[in-house]
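Derivation of every value follows stated rules applied to the coordinates shown; laboratory data play no part. Being a predicted model, the structure only gives us computed values, none of them experimental. Backbone-built Cβ (ideal geometry, glycine too); neighbour counts: all protein chains shown.
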Amino acid sequence: MKNARGSLVRPDPLPASASQPVVTPLSPSVVYASETPDMLDDQYDGRLHGYTYSREGHPNADVVAARMDVLEGAQGGVMTGSGMAAVSAVLMGLLSAGDHVIGGTQLYGRSLRLMNEDLPRLGIATTLADPGDVSAVRAAIRPETRMVLVEVVSNPTLRLADITGLAGLCRERGILLVVDNTFTTPRAFRPFDHGADIVIHSLTKLLAGHSDVMLGYAVARDPELTEKLRVFAVTTGLTPSPFDCWLAERGMLSFELRFDRAQQSAAILADHLATLPGVRRVIYPMRPDHPDHARAAQLLAGQGCNMVSFELTGGRGAANAFTRAADGLSFAPTLGDVGTTLSHPASSSHRSMSAADREANGLSEGFFRVSVGLEDPEQLKAVFTDAVAAAGMVQSDA
Ligand SMILES: *Cc1c(COP(=O)(O)O)cnc(C)c1O
């Protein structure tokens, strides 16, 4: 296959065009060719900006990172191949054997696993503490504590961390406060404005928003820490593919519209669920009956969240009837998709907990978490009315 220049295998440069594409081109090239060894020196020494090898960086990652930086008020953030890659980069790239880290008791399941299994194996000690209770976190601090990792809104019970209190404590003790902002998103909460030192995201969820890409992001307020994260991510291969970044960028173009719509519908759905006879309780941070309502109002600055949890009065039979009757809603373990998704902690995220412990934590067989999507809220109300009614038909097997 000869091209116009007679080269055997390399493509020609793109045809010249005075006009520019309106969509970011996808750049799948693994390697980038420099002109000379001198030029490569200039690139590696930072005198010239140029890509070399895509594990080390590529245009599609930089385009998404720049968007994330704007949303979080940050600089130079690092893209990773998933949210968990970002969590791993922060924990493993910044901590060393002998260090101690405190994690929130209600962290994302895989983050909990890192805390409970992998970090201790690497000589990093861990303690879990309730992020809503600053005195509990204070009591867990040791001389070698380097980091506190929390999420703002917990999954699936939607409790709020005392970020203001934790930020004060961490500042006073010289400990890094790391906030996984996946649930809240920068639309509702900007951790750096509240004293966080490091922000983590899974873009897989609301930011990319279409359930077709896994991607993560991490950034520190201190550029030296961000650089450490970048080097660790590049060395361990946690960096993302161009196609995933390209898809995520497209999703992010509509993120704010999607978020606003989803959280408005979530508020409507929460209030509607509270009127249905088969629903024992509704958990939504913007409702006055939520235990952390005041903190939610203060931290989320008038924004809400797209997640609603609720409990049906029946047991597993009612739960089965509910998902079967929830026409058009996916029973699928994710959140932040364009469509509403349902998750059932007793059969998924909390299945390894004993039934008694689940009951004690309010996660009965009737407990569902709803990630509200972009459907017409009136249609959503109708579907939930019917599905809750269908669940009520089998209540007796609770
Ligand atoms: C999903 C999620 C993660 C992990 O992200 P992946 O992209 O699935 O690896 C981390 N933290 C929170 C809060 C999440 O919801």
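For segment 89-220, the normalised intensity computed at q = 0.15, 0.18, 0.21 Å⁻¹ comes to -0.66, -0.97, -1.32 (log10 of I(q)/I(0), Debye sum over alpha carbons, equal scatterers, no solvent).
When the Cα convex hull of segment 255-392 is projected onto planes of every orientation, the mean area is 7.9 nm².
Each of Leu299, Leu160 was scored by other Cβ atoms within 10 Å of its Cβ. Listed from fewest to most, they are Leu299, Leu160. Within segment 283-327, none of the trypsin sites (Lys or Arg not before Pro) combine a DSSP coil assignment with at most 11 other C-beta atoms in a 10 angstrom radius.
Annotation: the antiparallel percentage among DSSP beta bridges lying fully within the chain is about 55. Basic side chains Lys and Arg get +1 at the Cβ, acidic Asp and Glu get -1 at the Cβ, and with that the dipole of segment 57-252 about its Cα centre reaches some 160 debye.
Set Lys and Arg Cβ to +1 and Asp and Glu Cβ to -1, take the dipole of the chain about its Cα centre, and tell me which of His210, Gly46, Leu177 lies farthest positive. The residue sitting farthest along the positive end of the dipole is His210. Roughly speaking, what is the centre-to-centre gap between segment 83-151 and segment 213-251 when only Cα atoms are used, to the nearest Å? When both Cα centres are located, 20 Å separates them.
Stretching the chain fully between Ser254 and His210 yields a gain of 14.8 nm (0.36 nm per residue, less the alpha carbon separation). Other residues within the sphere of radius under 11 Å centred on the Cβ of Leu158, judged by their own Cβ, net out at +1 (K and R +1, D and E -1).
Each Cα pair under 8 Å and six or more residues apart adds its separation to the average, and for the chain the resulting relative contact order is 15 percent. Overall, the chain carries a charge dipole of about 440 debye about its Cα centre when +1 sits on the Cβ of Lys and Arg and -1 on the Cβ of Asp and Glu, all other atoms neutral. Sorted ascending by nearby beta carbons within 10 Å, beginning with the fewest, Tyr284, Tyr44 become Tyr44, Tyr284. For segment 300-398, the dipole from Cβ point charges (+1 on Lys and Arg, -1 on Asp and Glu) about the Cα centre works out to 240 debye, to the nearest 20.
Our analysis of the chain gives Rg over Rh at 1.02, with the two radii drawn from alpha carbon positions and Rh computed by the Kirkwood formula.
Between Val234 and Glu378, the simple label model (points 7 Å from Cα in the Cβ direction) yields a spacing of 5.5 nm. Please give the residues of segment 230-261, grouped as numeric ranges, whose backbone N is less than 18 Å from a label point set 7 Å along the Cα-to-Cβ vector of Val22. Only 249-255 fall inside the zone, counting backbone N under 18 Å. Full extension of the segment from Arg281 to Arg113, taken as 0.36 nm per residue of separation minus the current Cα-Cα distance, would add 57.5 nm. A straight chain from His293 to Ala66 at 0.36 nm per residue would run longer than the Cα-Cα distance by 78.4 nm. Each 10 Å bin from zero up to the one holding the largest Cα-Cα distance in segment 134-211 carries the following percent of pairs: 18, 50, 26, 6, 0.
Can you work out the FRET efficiency for the pair Thr36 and Ala360, with r the C-beta to C-beta distance and R0 = 45 Å, to the nearest 0.05?
Taking R0 as 45 Å, the efficiency between Thr36 and Ala360 is 0.10.
Ordering Met353, Pro285, Ser309 by the projection of their Cα atoms onto the charge dipole of segment 255-392, which places +1 on the Cβ of Lys and Arg and -1 on the Cβ of Asp and Glu, puts Met353 at the extreme positive end.
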